[in-house]
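What follows is a single structure, written as structure tokens, with notes after it.
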Amino acid sequence: MEFTREADIKRLKFIIHSLRQKLPEGAEVLDVGCGNGVITRSLGEIGFQMRGIDISDKTIEKARSLNRFPNVTFEVTSAEQLVADGRRYHAVICSEVLEHLHDPGKLLAVLHQVLHDGGILIVTVPNGKGPREVLVTKPVIRMQARKGWLWRFMQRVKKLFGYKGTTVQSDADDLTHIQFFTRKSLRNLAKEHQFEIKKFGKTNFVEDVFPFSILTKRFRLLQKMDCMVAEVLPYGLTGGFVTVWEKAG
């Protein structure tokens, strides 16, 4: 498994379990915004026919260089090209993607077209009112917009503690969050685009919130405990949502 962070592993296990519940082995699955292809390769390893797409040449190049599975392919492809090629899929993965889009509805309309009737769409996003988004992401975005001394100081601190601005999942140049979803707004978004969310899950709590992240980055047990704590807390306190969508009847 290429993921080492417990919240990432938990998210991947949710995806695998959801696919195995709904699909036969060898089903065709599309991973949209696949980044470095970690999820794509993980699903290819257990037998699914995987196609990973992204608009970033850099991430697709890395995904291809790490691929060793004949049932996994990677392409630089846009949403418009997806519709044009006419292929349809038993499942689509959209993991940690919608929060980066100015118009997530545009992508969802495309995914509705390329998904087989009876297929599933798996969407994972940060909780827009969760600990990390409120205490880290939003303040950082405000600091970045001002580009003052505090932003420069924070950049030095991040470098000191080894934060590179990229993730295992993606080396894309811009990973800024634009959308901040709540459980309610995510349900409304699904409904607006002819989907229904059938399953909701949680990821972590505060392990990726500074200063806790300094410790949890070094001790996996703390990450595991944090993920367990998230399960007993209200949805509003989870760091991220993991969901399964179906086409609305």
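Just a few scattered comments:
- Accessible surface computed residue by residue for the chain, with neighbouring protein chains in place and a 1.4 Å probe, gives 52 Å² per residue.
- Of all lysines in the structure, those lying under 27 Å Cα to Cα from Lys62, and not within fewer than 8 positions of it along the same chain, are Lys10, Lys13, Lys106, Lys158, Lys159, Lys164, Lys217.
- Helix axis angle, 57-66 relative to the chain longest principal axis, alpha carbon, degrees: 80
- Positive-end ranking of Cys94, Met225, Ile39 along the dipole of the chain, with charges on Cβ about the Cα centre, is headed by Met225.
- Overall form of segment 1-46 per C-alpha gyration tensor (a/c, 1.5; a/b vs b/c): oblate
- Segment 60-93 and segment 122-138: distance between their alpha carbon centers, rounded to Å: 27
- The Leu237 and Val140 beta-carbon pair, evaluated with R₀ = 22 Å, returns a calculated FRET efficiency of approximately 0.65.
- Within the accessible area of the chain (1.4 Å probe), percent carbon and sulfur: 56
- The charge dipole of segment 17-105, taken about its Cα centre with unit charges on the Cβ of Lys, Arg, Asp and Glu (plus for the first two, minus for the last two), comes to roughly 360 debye.
- Angle in degrees between helix 149-160 and the longest Cα principal axis of the chain, rounded to the nearest 10: 70
- The convex hull built on the alpha-carbon positions of segment 46-85 has an orientation-averaged projected area of 3.1 nm².
The values are calculated or read from the model by the stated rules, or taken from the named source; none is laboratory data. Because the structure is a prediction, the values reported are computed rather than measured. For neighbour counting, all protein chains shown are included, and Cβ atoms are generated from backbone atoms with ideal geometry for every residue, glycine included. The accessibility values were calculated without ligands, DNA or RNA, using every heavy atom of the protein model including side chains. Shrake-Rupley method; radii C 1.70, N 1.55, O 1.52, S 1.80 Å.
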